[in-house]
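Data block below; observations after.
The values are calculated or read from the model by the stated rules, or taken from the named source; none is laboratory data. Bear in mind the structure is a predicted one, so any value in this text is a computation, not a measurement. All Cβ positions, glycine included, derive from the backbone under ideal geometry; neighbour counts span all protein chains shown.
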Amino acid sequence: MTDRPLLEGITVLDLASVGPAVRATRWLADWGAAVVKVGPVPADDNLQVAPPAYAYGAHRGMRRVMLNLKSDAGLDAFLRLAATADVVVESFRPEVIDRLGIGYDALRAANPGIVLCSTTGFGQTGPRAAWAGHDINYLAVSGYLHCSGRDERGAPALAGATIADSAGGGLQAVAAICAALTARATTGEGAHLDVSIADGVLSLMSLAVDEYLAEGVEPGPRHGLLTGRYAWYDLYEASDRGWLAVGAIEPRFFANLCRALGCGQWVERQYDDDAVDAMRADFAASFATRTRDDWAAELGPADTCVSAVLDIPEVVADEQFGARGAFVDAVHPTTGALRQVAAPLAGQVDATTLAVPDFADPHTDEVLAEVGIDAGTIAAWRAEGAIA
């Protein structure tokens, strides 16, 4: 965390309501960007899904305007906002923003330095560009699910987090936006960023894909070092039915683990494929003799790369995250007190300094006035239903 916002002075217009684009602007706001959520007026038949109040950090530090982009006045209002903004983030299907009159050419005419970040499942081009999808679909087509473990049916196991939306899409968008802003500082030119969630997950799968391309070996569950091929990179059940994660890759850590488990006979056979089943059985038998927390307390600090598998209540109470200030209390104007993940990424602003707004009471007048639109025009636009 930092006391000086790294993205201070950067204004972002966010046209999305859920998904990777909203995750991206959440992180940008926590780095200090001024994020303005742009939603439809209540009567608009394109009203988007409204997430619960606690979602996406309860939109702390953000403001909201309501515009009917299908009206001339609503379109004018948006383009005047874009003229003074740095970034526009959207997640419509390809070509929708052009039909609305807010595509890259229109934005660049209003602001040559604008960075437009378009986030879609499969990108702006290609045979799947218009396809609908969600996190599970992008994990499927990228090879992630195929290489994951199997559930009780023998099917690929579902991920416990929205990996595609978050890492494949949201963080990809953040990185691309920051890179484009850095380039703009030199060239003065903006950019149109084509963020494909599926492409982002493909980049996360590059170790497996590159192995196949280089050697023709098809990766799958328990194929590689990091997907459970060996006993020393796996999950084990303790006596209390809790689970432990073991990642003793380096020989020194592996040797420490073997000795701590009373399995010293395996120290010299770490990569022996013929020993895998017996080694895994010995490890499982040893872990089954004590509770999860007993093992974690002993092995965690002993250079063995062993950690307890925590459930969400345990994560929230975890002393390491507590020491890092990973959670913060807030009060929502209508739903009341809530606790949420703070701003945990390196360089982000202390979330306790940010407000949790009530988006039922938008900031439309305030934001439009800041870009020079007079009160009479704002009142007239509201009367005709162009803004709310």
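Values for this structure:
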| read-out | value |
| --- | --- |
| Residues within the stretch 100-153 that are modelled with pLDDT of 95 or more, polar (S, T, N, Q), surrounded by fewer than 22 Cβ atoms within 10 Å (Cβ to Cβ) and not in a helix (DSSP H, G or I), tallied | 3 |
| Boolean, residue 218 is in contact with a Phe, Trp or Tyr (Cβ under 7 Å, 6 or more places away or on another chain) and loosely packed, with under 15 Cβ neighbours inside 10 Å | yes |
| Which listed residue, of 331, 356, is more than 22 Å from residue 23 (Cβ to Cβ) and either touching a residue at least 40 places away in the same chain (Cβ under 8 Å) or outside the structural domain of residue 59 (by TED's automatic domain parsing) (or both) | 331 |
| Residue in the stretch 78-93 that is crowded, with 22+ Cβ neighbours inside 10 Å, in contact with a Phe, Trp or Tyr (Cβ under 7 Å, 6 or more places away or on another chain) and within 25 Å of residue 10 (Cα to Cα) present | no |
| Residue selected from the stretch 310-330 under the condition of a type in the set (A, V, I, L, M) and surrounded by 12 or more Cβ atoms within 10 Å (Cβ to Cβ), by the criterion modelled with the lowest pLDDT | 330 |
| Filter result (surrounded by fewer than 14 Cβ atoms within 10 Å (Cβ to Cβ) and modelled with pLDDT of 85 or more) within the stretch 350-368 | 366 |
| Number of the exception - residue 57 against (1) at pLDDT 95 or above; (2) not in a loop (DSSP other than H, G, I, E, B) | (1) |
| Every pair of residues 6+ apart whose Cβ atoms lie under 8 Å, when the first sits in the stretch 156-170 and is in the same structural domain as residue 23 (by TED's automatic domain parsing) and closer than 13 Å to residue 202 by Cα while the second is modelled with pLDDT under 95 and not in a helix (DSSP H, G or I) | 165/19; 169/19 |
| Residue satisfying condition, being β-branched (Val, Ile, Thr), touching a Cys at 6+ places or on another chain (Cβ under 9 Å) and closer than 23 Å to residue 190 by Cα, within set 115, 88 | 88 |
| Restricting the stretch 170-209 to residues that are among the hydroxyl-bearing types (Ser, Thr, Tyr) and either more than 15 Å from the chain's Cα centre (by Cα) or at pLDDT below 95 (or both), the residue that is farthest from residue 125 (Cα to Cα) | 186 |
| Pairs where the first residue, in the stretch 338-349, is in contact (Cβ under 8 Å) with a residue 12 or more places away in the chain and β-branched (Val, Ile, Thr) and the second is surrounded by fewer than 17 Cβ atoms within 10 Å (Cβ to Cβ) and assigned to a strand (DSSP E or B), C-beta under 9 Å, 6+ apart | 349/2 |
| Test: residue 159 is surrounded by 13 or more Cβ atoms within 10 Å (Cβ to Cβ) and of a type outside the set (Ser, Thr, Tyr) | yes |
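A quick yes/no check of all residues on (1) part of a helix (DSSP H, G or I); (2) within 20 Å of residue 108 (Cβ to Cβ); (3) modelled with pLDDT under 90:
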residue	(1), (2), (3)
7	no, no, no
24	yes, no, no
35	no, no, no
46	no, no, yes
52	no, no, yes
66	no, no, no
75	yes, yes, no
83	yes, yes, no
